[in-house]
Structure formats: structure tokens, C-alpha cells
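A short write-up of the structure that comes next.
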Amino acid sequence: KKRGKKNKAHNHYLKVAPTWEGQMKSEMLYHGGFTHANRYIINWVNKAECRDFASEYPSKILLEKFPGHAFTKYDDEITKDEVLDMADEYAMKFMFSAKNVRLKDPMSPMPSIQSYKCLHKDGAVVDNGRIISADYITIWWCEEDLKLYDELYTADEVWITNLEYSHKEYLPKWFTDLVYELFRDKTMLKGGDAVLYQIRKAMLNAMYGCCVQKPVKETIKENYITTDPREIYKIAEDFKPDEEYEKHVKKFSSILPYEWGCWITAMAQRDIFELSKCIAEDGTWLYTDTDSIYATKWDEKKLKVYNQKQIDKLHARGYEGIFYKDKMY
């Protein structure tokens, strides 16, 4: 907050902050990291090798572009392909609906569509929370989610509605510099004071966490006279979330837009599937948790190319890796 105040971060926040209606849409499209296991691997024991990203969420903050201003409604009809064509330049949130949606490869071990996030679904075949196929689904997404859908799924019909867009920009330098400093400090504490290391690591991870704090918390009215557990905690009748949200927006301590967190997790999920392409042709994708993949065999040449691509993006943003104890992080 001190760093943000010094750099007039609240002024930028006002430029990006959505309306209350827009905030509710963002909360519907937000999802966590991709965690899943290969449904075909049962009663199976073998050697596995893990590859993971170094500080995945902070890397998105440094390297990627995000919604740069408040979202604008798009009133005309728009197709899936048109959204994908605009995806590099514009951040978009929209309602996605599809008829007879299914995996392009029915044997794919890692379906991506979150069943619990669907506003509506019929005839869904679900693999531990992820949709393999469905007669019909409706879900709130951003363009990063649509990119992954287009890679993994197909459908008889697709509709994009309620679309809003914002021109993409890199995040403010005061924020990316702070994240980089925390990553540097955490790295330099490796193998040293374990407590200081964990504190710095927690602060680094909190940069993402602070973005996705819900700005409005319900006012709860307690009633201990009743014996009905449903009546003990209820939202107060005079609670007005839109008014509470306006108060939040006006606070000078409000400096990190919720949308940034939404896009961080969506991009991180896409990264997992990009990393999976480095699994060897004769390897098996076993398990994934947010920023890591366990597989039976990796293609080291592909991994080297992928790593270099990330390093080049880092250099293009004006940052270097951290060299510590004969190793580059």
C-alpha cells in the first residue's frame, strides 16, 4: 500500500475498476488453478518426473498484458473465431454457451472445463470436476479460457453473448518492480534462514492473493434465539452490496483490480497445457497441480526451447533472472 500510494496507484485503479455489475461477472469467471489426475492411471506404480514453474503467478504479473481500463459492452453479434482474433489486443469477458460440446480427443486425460463453474449444464459427463462432454453448457469465461477450449474441445454450435472488452496493457511498473524485488529476496534466502525465506515467499504469493480479495463482504446478522441452523446466520436485510462496492472503489487503499487475479489464473492454466506439450511422445501425463506436471518421461529439447521462450519474454520486459549460488533462477 505504501508503494502504491507513492505511485498514485489508486488513480490507475479508478481507471480499471468495473461497475458493480461488471464485478459480479468477473467473480463468476474467476477460477483457481488447474488440478487434475489422469483418469486412466489406476492401481499403477511407476517412476514419475515433475516439472514446475518458478513462481508461476508472479511471472504472469511481470510478463503478460491485462485489462488496461474499465470494460466496454460490445452490443453486436460476435463469433468464437472473431473473439480469438481479438484476443492478443483485447481482454474480454463473456458468457459462453455450447451445444454438444466434447473433447476433440475423447481419450485426452486432462479435460479443462470446470463443471462447478457452469451456470447451466445438461447431460454432462464429468471426470473429477472437469467436463468430458455435455449436451449443453453455459459458463462465464475470458479470452484465455476460450483459447484453451478451442485447442481441446469442439461443439455443434457455440454462442458468445454479453461480451465486454478492455484494451490490454502491461501492469504498472511500480507493481511489477515490487513483485520482482520479492522474488529476488526470496531467491537470495534459499538455504538460509528458513523463517525469513517463508515470510518472503508468502509476501510474493500474496501479490496475487491481494488481487482476488472479494471487495464486498456480506453483512451477517446473527440470531441465537432460534434452533434452526439456517436462521442463525443470515445476510442482513439492509445489506446493499452495490453501495458497499462503491465505498470500496473510492477508498484510497483500493489499488489492485480484481480482474488482474482473474486473468492470472486463466493464463496460468493455459501455461500448464503449453508445458504438457514438452512431455515425451512415449511419456504419460499423470497429474497436475496449479503450476506443476508429473509425467513418466519428458522431452528435454522441447523443455529447453520452452524455457528460452520464457527467458526472452522476461528480458523483453527489462528484467533478468536471479543468479545465486551458481544457479540462475
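Å³ per residue of the Cα convex hull, for the stretch 168-314?
Dividing the Cα hull volume of the stretch 168-314 by its residue count gives 224 Å³.
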With point charges of +1 on the Cβ of Lys and Arg and -1 on the Cβ of Asp and Glu, referenced to the Cα centre of the chain, which listed residue (7, 50, 249) lies farthest in the positive direction of the dipole?
7
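Out of every Cα-Cα pair in the stretch 131-173, what percent are more than 15 Å apart? All intermediate terms of the calculation are to be shown ahead of the outcome.
Numbers: 495 of 903 pairs.
Every Cα pair in the stretch 131-173 considered, those over 15 Å come to 55 percent.
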Calculated P(r) of the stretch 153-251 - Cα pairs past 16 Å, %
77 percent
Over the chain: Rg over Rh, Cα atoms, Kirkwood Rh:
0.98
For the chain, give the percent of accessible area contributed by carbon and sulfur heavy atoms, probe 1.4 Å, rounded to a whole number.
51 percent
In the chain, if the dipole is taken from +1 on Lys/Arg beta carbons and -1 on Asp/Glu beta carbons about the Cα centre, which of 216, 30, 124 is farthest to the positive end?
216
Note to self: C-alpha centroids of the stretch 289-306 and the stretch 90-144 sit apart, in Å, by 25 Å
Mean Cβ count within 10 Å, highest first, over the residues of peptides 222-232, 66-76, 21-31:
21-31, 66-76, 222-232
Please report the spacing between the Cα centers of the stretch 224-255 and the stretch 18-34 in Å, no decimals.
18 Å
With θ set to phi - 60° and the Karplus curve 6.51 cos²θ - 1.76 cosθ + 1.60, what are the ³J(HN,Hα) couplings of the stretch 85-97 in order, to the nearest whole Hz, using x for Gly and Pro?
5, 8, 5, 6, 9, 10, 7, 9, 10, 6, 8, 9, 10
Using the Cα gyration tensor of the stretch 1-52, the equivalent ellipsoid's semi-axes, largest first and to the nearest Å, work out to 43, 19, 6
Stokes-Einstein D in µm²/s, Kirkwood radius over Cα pairs - the stretch 141-206 at 20 °C with 1.002 mPa s viscosity:
136 µm²/s
Sequence-distant aspartates and glutamates (8 or more away, or on other chains) whose Cα lies within less than 18 Å of residue 25:
75, 143, 144, 145, 164, 218, 242, 243, 244, 246, 259
In the chain, if the dipole is taken from +1 on Lys/Arg beta carbons and -1 on Asp/Glu beta carbons about the Cα centre, which of 192, 95, 261 is farthest to the positive end?
192
Excluding residues on the same chain fewer than 8 positions from residue 117, give the aspartates and glutamates whose Cα lies under 12 Å from its Cα.
27
Give me the accessible area per residue for the stretch 190-329, probe 1.4 Å, as a whole number in Å².
63 Å²
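What's the magnitude of the charge dipole for the chain around its Cα centre, counting Lys and Arg as +1 and Asp and Glu as -1 at the beta-carbon? Answer in Debye, nearest 20.
It comes to approximately 1640 debye.
Calculated from DSSP H runs of 4 or more alone, at -39500 (n - 2.57) each and per residue, what is the 222 nm mean residue ellipticity of the chain, nearest 500?
-12000 deg cm²/dmol
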Suppose every Lys and Arg Cβ carries +1 and every Asp and Glu Cβ carries -1, with no other charges. What dipole size does the stretch 37-102 come out with about its Cα centre, to the nearest 20 debye?
540 debye
Treating every alpha carbon of the stretch 193-260 as one equal point scatterer without solvent, the Debye formula yields log10 I(q)/I(0) values at q = 0.13, 0.18 Å⁻¹ of -0.63, -0.81
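The values are calculated or read from the model by the stated rules, or taken from the named source; none is laboratory data. Because the structure is a prediction, the values reported are computed rather than measured. Cβ coordinates were reconstructed from backbone atoms using ideal geometry, including for glycine residues, and neighbour counts include every protein chain displayed. With ligands, DNA and RNA removed, areas are computed over all heavy atoms of the protein, side chains included. Shrake-Rupley method; radii C 1.70, N 1.55, O 1.52, S 1.80 Å.
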